[in-house]
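The values are calculated or read from the model by the stated rules, or taken from the named source; none is laboratory data. Here the structure is a predicted model, which means the values were calculated and not measured. Here the Cβ positions follow ideal geometry from the backbone for every residue, glycine too, while neighbour counts run over all protein chains shown.
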Amino acid sequence: MEVFVIDSKQLFGVVLADPRWFRVLFVPLESEYFVKEKREIVLLNHDSLSRYRHFLTEFGDLEPFLNNRMVASYLGIPGRFLTKPITQY
């Protein structure tokens with residue numbers, strides 16, 4: 001496997017030379033940006049119980065595979081505060 005390194009000036013030159021590269025390079029970044037923004041809004045505007053309910057709505061099918069420490073990390077709270085089994089909510 002080879003890894004290619006390209007600096008930002010070269011990257012923008014490629015995009016300007018052929019605009020189809022814009023879709024390949026920047027559209028996925030834009031999508032991830034919106035996911036990040038949504039996550040930050042939930043973290044800042046909701047209490048931990050609301051965040052937990054949101055987590056269950058978005059990722060409830062992952063619940064059997066996650067331990068409380070992982071869930072607490074996602075919720076932005078210390079693991080010791082998530083002491084009840086996650087199925088009780």
request  = Report the residue count in the range 74-89 for those that are surrounded by fewer than 14 Cβ atoms within 10 Å (Cβ to Cβ), hydroxyl-bearing (Ser, Thr, Tyr) and either modelled with pLDDT of 90 or more or not in a loop (DSSP other than H, G, I, E, B) (or both).
outcome  = 1
request  = Quickly run through the range 27-54 and pick out the residues that are farther than 29 Å from Phe81 by Cα and either hydroxyl-bearing (Ser, Thr, Tyr) or touching a helix residue (DSSP H, G or I) at 6+ places or on another chain (Cβ under 8 Å) (or both).
outcome  = Ser31, Tyr33
